[in-house]
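The structure appears below as structure tokens.
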Amino acid sequence: MPAASLRALLGQAIDYAGMFPPCALALEPALRNQASYVRSPQTWMLNGFVLPVEKFDMARQFLSDFDPHHPLRVAALGPKTTKVDAFLDGLGKAETAIRSFSKSDVGRVSVSHFEMFLPDDMDSASLKEASAIVGELPVFWEAPPERAEQTIALIAGHNSNEDPPTFGYKLRTGGVTADAFPTSAQIARALVAAATHQLPIKFTAGLHHPIRQFRDEVKTKMHGFLNVLGAAVLAAEHQWDADQAVMMLEDEDPRSFSFTDDFFAWRDWKIDTERLQYRRKFVRSFGSCSFDEPRDDLCALGLL
């Protein structure tokens, strides 16, 4: 049985994105994988299945592998647009598709949250229009790492006028080439900004492995999901600055990380399991094209 603090840090933490690079599976095999994962002993780590809204109609024909005890939870992905007008139009169509898809097989299918890229010219008025379109559906808005702090401030300003707040920020943490990976400093600034504003944050791409390490397939160091999630909760709990967060993000020694039933620790910094569960309300999940690699690596570390 995994330590309680590991279950707290990684509970429903992985959004399976098997249709996206580098795996890039077709819809049917990716959904077959998801149907297998929801029945696996590690299903407690699994969150949504990342599904573009334009694939909803196609997905309906593959829903028989799911049932009310093993439902398909979808992380809906909207289109990428570059201007506000196109963004609002695409958002409206996405919301209609989500509403229809959620009603297509009640009990077997649900949409856990929505993700969409924000155009550069987004402002508070446009965000308010977006809120009116999506209603109470939890949303994570993506913007590039170099715009993370200003985007987090924009979203947090909107949330302060909403009850309950439903918007969070999505940070891209990698890709299939070295230039797609943000620096540790960029990630650290986003983590600290989100913690300061108590803004929900999630991550996507590049977090296949628990601990930061050089990977030949991308010719650079990939960020570790224990580094990133751990730094996010510890930064919030202990009011770290970005420099302290960078130290944890760049730690490549698995021995620096420890999990017990009572607490999670990185070096001398600790957070007890109950507080960790609270912090996870704001540190949501990460998208990964593989659900196997994270589990295999955790097993190799003796954590699973």
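Going by the conditions given, is Leu154 hydrophobic (A, V, I, L, M, F, W, C), open to solvent by 10 Å² or more (accessible area, probe 1.4 Å), part of a helix (DSSP H, G or I) and within 18 Å of Lys83 (Cα to Cα)?
Details: hydrophobic (A, V, I, L, M, F, W, C): yes; open to solvent by 10 Å² or more (accessible area, probe 1.4 Å): yes; part of a helix (DSSP H, G or I): yes; within 18 Å of Lys83 (Cα to Cα): yes.
In short, yes.
Looking at the range 160-233, what strands (runs of 3 or more DSSP E) fall wholly within it and have at least 1 residues that are over 19 Å from Gly11 (Cα atoms)? Before the answer, list the steps.
Working: elements: 167-172, 201-204, 213-215, 220-222.
By residue number, 167-172, 213-215, 220-222.
Per-residue answers, yes or no, for (1) farther than 13 Å from His209 by Cβ; (2) part of a strand (DSSP E or B); (3) of a type in the set (Lys, Arg):
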| position | (1), (2), (3) |
| --- | --- |
| Asp261 | yes, no, no |
| Phe264 | yes, yes, no |
| Ile271 | yes, yes, no |
| Glu274 | yes, no, no |
| Tyr278 | yes, no, no |
| Arg284 | yes, yes, yes |
| Pro294 | no, no, no |
Could you please find all residues in the range 157-176 being open to solvent by 20 Å² or more (accessible area, probe 1.4 Å), among the polar types (S, T, N, Q) and under 18 Å from the mean Cα position of the chain (by Cα)?
Thr166
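Per-residue answers, yes or no, for (1) touching a Lys or Arg at 6+ places or on another chain (Cβ under 7 Å); (2) open to solvent by 50 Å² or more (accessible area, probe 1.4 Å); (3) at negative phi:
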| site | (1), (2), (3) |
| --- | --- |
| Thr260 | no, no, yes |
| Arg267 | no, yes, no |
| Asp296 | no, yes, yes |
| Leu303 | no, no, yes |
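When residues of the range 141-151 are filtered for being open to solvent by 10 Å² or more (accessible area, probe 1.4 Å) and either farther than 16 Å from Gly90 by Cβ or aromatic (Phe, Trp, Tyr) (or both), how many remain?
Restricting attention to the range 141-151, the residues satisfying the condition of being open to solvent by 10 Å² or more (accessible area, probe 1.4 Å) are 142, 144-147, 149-150.
Among the residues that remain, those that are also either farther than 16 Å from Gly90 by Cβ or aromatic (Phe, Trp, Tyr) (or both) are: 144-147, 149-150.
Residues that pass the stated criteria total 6.
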Kindly list, by first and then second residue, each pair from a residue in the range 266-281 that is of a type in the set (Ser, Thr, Tyr) to a residue that is not in a loop (DSSP other than H, G, I, E, B), limited to pairs with Cβ atoms under 7 Å and residues at least 6 apart or on different chains.
Thr273/Ala4; Thr273/Ser5; Thr273/Ala8; Thr273/Phe263
I need the full set of residues from the range 13-26 which are in a loop (DSSP other than H, G, I, E, B) and closer than 14 Å to Leu226 by Cα, in order please.
Ala13
Please work out if Pro182 is closer than 23 Å to Ser288 by Cα and either over 18 Å from the mean Cα position of the chain (by Cα) or of a type outside the set (Val, Ile, Thr) (or both).
yes
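Go through the range 269-278 residue by residue and tally those that are within 28 Å of Ala76 (Cβ to Cβ) and either of a type in the set (Asp, Glu) or open to solvent by 30 Å² or more (accessible area, probe 1.4 Å) (or both). Spell out the reasoning first.
Going residue by residue through the range 269-278, those that are within 28 Å of Ala76 (Cβ to Cβ) are 276-278.
Imposing the further condition that a residue be either of a type in the set (Asp, Glu) or open to solvent by 30 Å² or more (accessible area, probe 1.4 Å) (or both) reduces the set to 277-278.
Matching residues across the range 269-278 total 2.
The values are calculated or read from the model by the stated rules, or taken from the named source; none is laboratory data. This structure is a prediction, so every number in the text was calculated from the model and none was measured. We place every Cβ from the backbone using ideal geometry, glycine too, and count neighbours over all the protein chains shown. Side chains are part of the model used for accessible areas, which takes the heavy atoms of the whole protein and leaves out ligands, DNA and RNA. Shrake-Rupley method; radii C 1.70, N 1.55, O 1.52, S 1.80 Å.
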